[in-house]
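Asker: Just dropping this structure here.
The values are calculated or read from the model by the stated rules, or taken from the named source; none is laboratory data. Since we're looking at a predicted model, the values are computed, not measured. Because the Cβ atoms are built from the backbone with ideal geometry, glycine has one as well, and the counts that use them run over all protein chains shown. For accessibility, only protein heavy atoms count, side chains too; no ligands or nucleic acids. Shrake-Rupley method; radii C 1.70, N 1.55, O 1.52, S 1.80 Å.
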Amino acid sequence: MRRPSSLALLGVAISGTLIAAATASPAAAQPTATPSPHILVTDGMTQPVFSLADAIEERVYVEAPVDTDHDGQRDRVAIDISRPLETSTEGFKVPVIFEQSPYRKDTWDDVPYPSVLVDDLPQNGASDRASLLRSGPQPNPNAAGKANLPGSLDDYYVPRGYAVVLGMSIGTADSDGCPTSGDQAETLGTKAVIDWLNGRAKAYDAAGAPVEATWTTGAVGMTGVSYNGTLPNQVATTGVEGLKTIVPVSAISSWYDYYRANGLVVAPGTFQGEDLDILAQYTAGQVRAQGDCVDELADITAKQDRVTGDYSKFWADRDYRDASDVKASVFVVHGLNDWNVKTENFAGWWDELAKNDVPRKIWLHQGGHGGPGNSASVTLPSGQTWTYKQTENRWFDFWLWNVNNGIMDEPTAVVQREDRNYTTYANWPDQAARDVALKFSATSATATGTLTTGKPPKGQVEQGFVDEGRTITPATLVAGPDTDSPNRLAYLSPALGQNVRISGRPEMRLQMAIENRPDANLTAYLVDYGPTSTTVVTRGWMDPQNRKDAAHTEKLKQGKMYDFTWTMQPKDYIFQTGHRLGVVVFSTDQDYTLLPLGGTELTVSPKGSELRLPVVGGKAVLGF
């Protein structure tokens with residue numbers, strides 16, 4: 001992997017020994033007279049030596065090269081800065097930790113949501129498409145879930161010799177413009193802050209006087225959670241000079257994969273009904289959304305396309321999975337059970353980073369949406385134990401202060417196991433993972449089928465079910481897999497003779513026909529069935545009309561068998577000895593998809609269906 005270039009430092013103290021590094025790398029730095037002021041480094045990590053109470057705080061408005069509200073004026077991005085007093089009184093220059101956010105203030109907490117109850121799927125040409133549009137206020141999960149981040153960055157990092165910049169995204173809070181939710185305008189609005197920190201953009205105070213960032217080295221690290229973590233991904237793809245590293249937590253790398261899945265309209269977990277236009281209205285605030293930005297927001301509604309669900313230029317403009325221009329290092333942090341920003345968002349980004357040899361590290365935890373918690377800890381093969389917050393601190397120190405703390409020589413991947421203990425791996429996904437085909441088998445039209453890695457028995461029969469997902473929950477469909485159900489199909493492995501770990505993307509290959517309607521939702525769950533517990537390991541969805549390409553809808557013939565292939569959400573999971581692997585196939589997913597009226601009949605051909613599972617150690621580990 002690429003390593004950081006040398007960074008000019010004004011003063012560094014390591015374990016009580018002061019060193020100066022003008023242009024030399026940390027390894028070449030030599031003891032010298034005590035500079036003042038200076039950072040203090042102990043055990044490879046900066047220590048809190050600067051007064052937070054005396055920190056300088058200021059508001060600046062950075063001019064961006066965009067005009068999102070089309071008023072003929074360049075938009076300005078509002079940022080708040082906190083930096084050590086010494087940056088002004090003694091000319092001490094510091095790097096910057098930068099968090100941009102669309103959630104700072106004045107969000108529209110009760111923005112009306114669209115209904116997901118439809119008579120028929122919109123891609124079927126239903127006449128009730130108006131039901132997909134906003135039809136008046138409805139319960140909005142954003143009111144509880146889309147909260148601003150705690151203001152702890154400055155509390156922690158300013159005393160350690162950093163400036164902290166909290167920005168407000170274009171079209172939100174105190175910034176100018178209209179929200180564009182993930183496209184190039186939002187990216188450039190955020191990038192402008194880094195340009196200003198490096199002397200390439202203009203900024204002004206509240207009175208309109210020009211302001212320069214003379215107090216910084218120009219080295220910037222970005223971080224944030226969720227949307228705030230997505231913005232670092234966006235800006236990193238520009239290759240902007242000065243952005244040295246990013247720490248995206250539960251971050252999006254493709255907005256299509258946040259609101260769609262293989263041509264199907266799929267909601268982020270716990271935000272059923274939300275789409276990009278709803279999020280844009282929420283971040284804009286009601287005054288903007290119903291005032292100066294109404295036309296811009298209407299454009300998002302039209303182009304996001306909740307009818308076909310197809311991938312389009314609109315979504316391509318909000319896709320960051322091209323790391324060819326990325327110059328910043330990346331520390332990816334994500335929850336393996338995050339069903340809001342689903343795991344393909346970190347895995348797809350991680351693949352691109354690896355392909356382009358971007359310096360990187362990954363920390364995967366067993367939680368959902370958000371970080372692992374500052375006190376989460378891992379013991380390295382060396383015997384050293386670090387908390388997550390210390391790891392983040394050391395990461396920023398290495399890339400922004402150029403502290404030679406060895407963090408890039410440590411294992412690349414940290415993964416929390418199911419027992420909540422952390423372990424390390426050389427990389428992710430595990431390089432020992434091999435795709436193993438678990439073939440479906442059924443000799444009864446109604447009974448639960450089986451999974452096998454060998455040759456299925458003779459006498460295979462087709463199996464059918466009827467979609468009633470509008471009224472039956474996924475939990476009900478997953479429960480009792482040994483019992484027949486007219487509304488789903490289940491396929492089970494024998495009990496495992498040893499622990500089995502998967503690492504990567506399961507792939508569903510299903511041979512199926514829709515009997516009585518032009519299209520249907522298509523859902524598959526991978527389930528861990530234990531003696532006393534049932535755990536949904538991962539999920540996957542598809543629009544059968546997008547069987548060839550997420551960008552193109554192609555009509556189906558009713559009653560005709562087709563082959564459908566799609567990946568489930570990436571996962572790292574250990575199935576315990578004595579447990580059974582299960583695949584549950586059904587149609588409408590009450591938690592994620594649109595909810596059409598029931599009655600759609602679907603038929604599956606087990607002999608043409610299988611799940612390809614990334615098993616660490618390959619087929620031999622499964623033992624069946």
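Asker: Determine the per residue accessible area of the stretch 180-258 with all protein chains present and a 1.4 angstrom probe, expressed in square angstrom.
Answerer: Values: 2000 Å² over 79 residues.
I get 25 Å² per residue for this part.
Asker: May I ask you to derive the FRET efficiency for THR471 and ALA354 from their Cβ-Cβ distance with R0 = 56 Å, giving the value to the nearest 0.05?
Answerer: 0.80
Asker: For every other residue with a beta carbon closer than 15 angstrom to the beta carbon of GLY218, add +1 if it is Lys or Arg and -1 if Asp or Glu, then tell me the sum.
Answerer: Surrounding charge for GLY218 is +3.
Asker: Oh, and also: Show the residues, 5+ positions off or on another chain, whose built amide H is closer than 5 Å to the amide H of LEU264.
Answerer: Here ASP543 satisfy the definition.
Asker: So what is the orientation-averaged projected area of the chain, using the convex hull of its C-alpha atoms, in nm²?
Answerer: Computing the convex hull of the Cα atoms and averaging its projections yields 28.1 nm².
Asker: Given H placed on each backbone N at 1.01 Å, which residues far from VAL330 in sequence or on other chains put an amide H within less than 5 Å of it?
Answerer: Under 5 Å from the amide H of VAL330: ILE246, ARG360, LYS361.
Asker: Hey, can you grab everything whose amide H is under 5 Å from the amide H of THR567? Only 5+ residues off in sequence or another chain; H modelled, so Pro and N-termini drop out.
Answerer: MET508
Asker: Along the Cα→Cβ direction, 7 angstrom out, place labels at GLU241 and LYS202. What is the inter-label distance in nm?
Answerer: The modelled label-to-label distance comes out at 2.1 nm.
Asker: Give me the percent of Cα-Cα pairs in the stretch 158-229 that sit more than 18 Å apart, rounded to a whole number.
Answerer: Value for the stretch 158-229: 45 percent of Cα pairs lie more than 18 Å apart.
Asker: Counting helices only, and only those DSSP H runs with n ≥ 4, report the 222 nm mean residue ellipticity of the chain as the sum of -39,500 (n - 2.57) divided by its residues, in deg cm²/dmol to the nearest 500.
Answerer: After summing the helix terms and dividing by residue count, I get -4000 deg cm²/dmol.
Asker: Counting only C-alpha contacts under 8 Å and six or more residues apart, can you give the relative contact order of the stretch 238-359 as a whole percent?
Answerer: Values: 149 pairs, mean separation 53.6, N = 122.
Dividing the mean separation by the residue count of the stretch 238-359 yields 44 percent.
Asker: If you average the C-alpha positions of the stretch 67-115 and of the stretch 416-481 separately, how far apart do those two centres end up, in angstrom?
Answerer: Taking the Cα centre of the stretch 416-481 as reference, the centre of the stretch 67-115 is 46 Å away.
Asker: Can you say what percent of the DSSP beta bridges in the chain, counting only those with both residues inside, are antiparallel? Round to 5.
Answerer: That works out to approximately 70 percent antiparallel.
Asker: In square angstrom, rounded to the nearest 10, how much accessible surface does TRP428 have for a 1.4 Å probe?
Answerer: 10 Å²
Asker: Rounded to the nearest percent, how much of the accessible area of the chain (1.4 Å probe, protein heavy atoms only) is carbon and sulfur?
Answerer: Here it works out to 49 percent.
Asker: A further question follows. Could you report the stretch 305-375's accessible area per residue, 1.4 Å probe, as an integer in Å²?
Answerer: Computed with neighbouring chains in place, this is 31 Å² per residue.
Asker: If you fit an axis through the alpha-carbon atoms of helix 344-355 and take the longest principal axis of the Cα set of the chain, what angle between them do you get, 0 to 90°, nearest 10?
Answerer: Result, in degrees: 60.
Asker: On average, how much accessible surface per residue is there in the stretch 512-624, in Å², for a 1.4 Å probe, leaving out ligands, DNA and RNA?
Answerer: Details: 3780 Å² over 113 residues.
I get 33 Å² per residue for this part.
Asker: If you don't mind, another one. What number comes out for the charge environment of MET168, summing +1 per Lys or Arg and -1 per Asp or Glu over other residues with Cβ under 13 Å away?
Answerer: On the way: positive: ARG59, ARG76, ARG104, LYS105, ARG288; negative: ASP75, ASP80, GLU99, ASP106, ASP174, ASP176, GLU186.
Net charge in that neighbourhood comes out at -2.
Asker: Once the dipole of the stretch 175-236 is set up with Lys and Arg at +1 and Asp and Glu at -1 on Cβ about the Cα centre, which of CYS178, ALA219, PRO232 lies farthest towards its positive end?
Answerer: Going by the Cα projections, it comes out as ALA219.
Asker: Nearest 10 degrees, 0 to 90: what angle lies between the long axis of helix 227-236 and the longest principal axis of the chain (Cα atoms)?
Answerer: 70 degrees
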